[in-house]
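Enquirer: Once you've had a glance at the structure underneath, I'll fire off some questions.
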Amino acid sequence: MNDTSLVQVEHLFRYYGDLCAVRDVSFTIERGEVMGFLGPNGAGKSTTMQIISGNLAPSAGQVRIDGFDILDEPRLAKARIGYLPEQPPLYRELTVDEFLRYCARLNQIPREQCTAAMDAAKQRCGLADVGRRLIGNLSKGYQQRVGIAQAIIHSPAVVILDEPTVGLDPIQIREIRALIRDLAREHSVILSTHILPEVEAICDRVQIIHRGELVLHDSIAGLRRRMQSSALVATFHNAPPPVRFESIPGVLGAEELADGRVRIHYPHGESPAEHIVEQSVAQGWRLYDISAERVSLEEIFVDITHTDAAAPETGGPEEDAAA
Amino acid sequence: MKMVTVIAARELRTMFLSPLAWTVLAVVQAIIAFQFLVQIDFFLQVQPRLASINNAPGVTELIVSPLFDWAAIVLLLVVPMITMRLVSDELRNQTLSLLFSAPLSMTEIILGKYLGVLGFLALVLCLTALMPLALLAGGGLDFGLLAAGLLGLLLLLASFAAVGLFMSTLTAQPTIAAIATFGVLLLLWILDWAGQGTGETPSGVFGYLSILRHYEALLRGAFNSADLAYYLLFIVTFIVLSIRRLDSYRLQH
């Protein structure tokens, strides 16, 4: 942990009564990094983000933004943060322009620069055409964009987005993802989600939180390595019984799947693909597809968080905190 | 301080975006105008008799003071409607995080909201003051008495707004905030009735706490710094309570 990290979170705890929603969470985020924050519902994602953004006081622990403590120097710290909560904080009775101008003023942008900041934010979020419309009349996707525009209007060093793609249609999700990737060029982004492909698509690093504790902290590249497993899936037009594979050198075992597909297990790092292809040609199995099986992020996620699903979940705090 | 005016301006603007503010202005104006006309009618009836009395009450005492007395009651009913949304609407729509994430202190947020509603009430006050001023067309006014009355009404409205703001920070339901505000204000209004039935002078403490007692003194034209101190303390107390309450949303639930 060094002092140049943009966001430093150290030993964060948060209790709701007796319930511990966040337990000893520590991490850092560097400049220009996109950090994905994963976890099942009620794991403490929102609570952690609320604490980082200064919306909630931690029971213990420290959050520093660009070196400024969020509790001791809230003004300086908050000036460096843009936050989009799960429920975008929008005044439905204002137009997009009025709302963004208000946000710009709240974030202490001088009056004469407000229009420029507003136009820039609208441009980036694709809101240029809806400036004069009432926020309450916009679709959910556009409201979400207004929420993001609100978070980036003062060009903060860190943008915190809590489940920005929830409730959007697939096209809107793609647009929002593109926007986040675009944001990452100039800002650090903390993104919480429980949609796994989203993390793979956008993030540099991943953090999985479960029951208030960080259970995994890795880069996407590291995660990809974890995802490699030791199995091949081969598809044949003329599949032999699985026992026939076990005589091939380097194969530990095989199992038959539907439609002529066979899963072949081998010792880690020593793929027998070449031998299988040779055998297939020799025996006339008519192999037409062979690929390494990947463990999906989903499986890693389930594996980590599925320790004892029957125990009472730590749900509730997210709702409580939002209320 | 600049941020306070930014928030206040937004509050005021939002108020006029809904029909509520316009309705309130219209209804209050209509009722007070009716009362004004009734008072003028009364004055015209008693005017011949007044001429024969030495040191008779003037037009300001007979028209303006009862008018302001009546205006206070109308506004007691109306102010809770204006203040109920201040914070509870933000709690309900979860928009407070916009203010919490911005580089603002809780004090600035509360003062901004308070100033916003005060701006609206100042407008109500101006419209009310126009009626007595219209009498200038037909005669003179006791400006000292009028100024004391206006100051009294302003302090009273500012106190109402402070209570309303605090109640609004307590709940996410605007109607509950409105009813609670109304209850507290009415209680403070009738507080000096305690002990009156026994024939003794009203109990000192209750009499002092009564929001009405201090107002009546100002309507009579008696400017007493104790009354001013009462209102200022009252306002500051509820504003500080509101700030504490808002801050508690960030702390433990």
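Enquirer: Could you check which residue among A:GLY39, A:GLY222, A:GLY284 shows the biggest mean-square fluctuation in a GNM of chain A with a 10 Å Cα cutoff?
Expert: A:GLY284
Enquirer: For A:LEU216, list long-range residues whose amide hydrogen, built 1.01 Å from N in the peptide plane, is under 5 Å from its own amide hydrogen.
Expert: For A:LEU216, whose amide H was placed from the backbone, the distant partners under 5 Å are A:ILE208.
Enquirer: Dipole magnitude of chain A about its Cα centre, charges +1 at Lys/Arg Cβ and -1 at Asp/Glu Cβ only, in debye to the nearest 20?
Expert: With only Lys, Arg, Asp and Glu charged at Cβ, the dipole is about 1020 debye.
Enquirer: Right, here's the next one. Rank these for me by crowding, A:TYR83, B:TYR215, A:TYR288, going from fewest to most other beta carbons within 10 Å.
Expert: In order of increasing Cβ crowding within 10 Å: A:TYR288, B:TYR215, A:TYR83.
Enquirer: Can you give the % of DSSP beta bridges in the protein assembly as shown that are antiparallel, to the nearest 5?
Expert: Of the beta bridges lying entirely in the protein assembly as shown, close to 65 percent run antiparallel.
Enquirer: Within chain B, which whole H helices from DSSP have a Cα span along their axis of at least 27 Å and a mean Kyte-Doolittle hydropathy of -1.0 or more, if any?
Expert: The qualifying helices are B:19-50, B:106-134, B:143-170, B:225-248.
Enquirer: How far is helix A:96-106 tilted, in degrees, relative to the longest principal axis of the Cα atoms in chain A, given as a value from 0 to 90 rounded to the nearest 10?
Expert: So the inclination is approximately 70 degrees.
Enquirer: Amide H to amide H, which residues 5 or more places from A:VAL34 or on other chains are under 5 Å from it, using H placed in the peptide plane?
Expert: A:VAL189, A:ASP204, A:ARG205
Enquirer: When chain B is modelled as a GNM with alpha-carbon springs shorter than 10 Å, which of B:LEU76, B:LEU62, B:LEU241 fluctuates the most?
Expert: With Cα springs under 10 Å in chain B, the top fluctuation among B:LEU76, B:LEU62, B:LEU241 is at B:LEU62.
Enquirer: Under 19 Å between alpha carbons, and skipping anything fewer than 8 positions from B:LYS2 in its own chain: which lysines qualify?
Expert: Within reach: A:LYS78, B:LYS113.
Enquirer: On a 0 to 90° scale, report how tilted helix A:170-183 is relative to the longest principal axis of chain A, with both axes built from alpha carbons and the result rounded to the nearest 10.
Expert: Rounded to the nearest ten degrees, it is 70.
Enquirer: Using θ = phi - 60° and the Karplus curve 6.51 cos²θ - 1.76 cosθ + 1.60, what whole-Hz ³J(HN,Hα) does each residue of the range A:190-204 get, with Gly and Pro shown as x?
Expert: 10, 10, 9, 6, 10, 9, 6, x, 4, 5, 4, 6, 10, 8, 8
Enquirer: Only Cα pairs within less than 10 Å get springs; with that Gaussian network setup on chain A, which residue of A:VAL215, A:VAL281, A:VAL25 has the largest fluctuation?
Expert: A:VAL281
Enquirer: Also, I was wondering about something else. Over the range B:2-248, what portion of Cα pair distances is larger than 23 Å, expressed as a whole percent?
Expert: 54 percent
Enquirer: Okay, next question. Neighbouring Cβ atoms within 10 Å as the yardstick, rank B:MET84, B:MET15 fewest first.
Expert: B:MET15, B:MET84
Enquirer: Let me ask something else about it. Quick query: amide H of A:ILE160 versus all other amide H atoms, modeled in the peptide plane; which residues come in under 5 Å with a sequence gap of 5 or more or a different chain?
Expert: A:GLY82, A:TYR83, A:LEU84, A:ILE190
Enquirer: Which of A:CYS125, A:CYS114 has the fewest other C-beta atoms within 10 Å, and how do the rest follow up to the most?
Expert: Fewest-to-most ranking of A:CYS125, A:CYS114: A:CYS114, A:CYS125.
FYI, it's all coordinate maths here, none of it is from the lab. Everything numeric here is computed off the predicted structure, so don't read it as measured data. Note: ideal-geometry Cβ built from the backbone for every residue, glycine included; neighbour counts use all protein chains shown.
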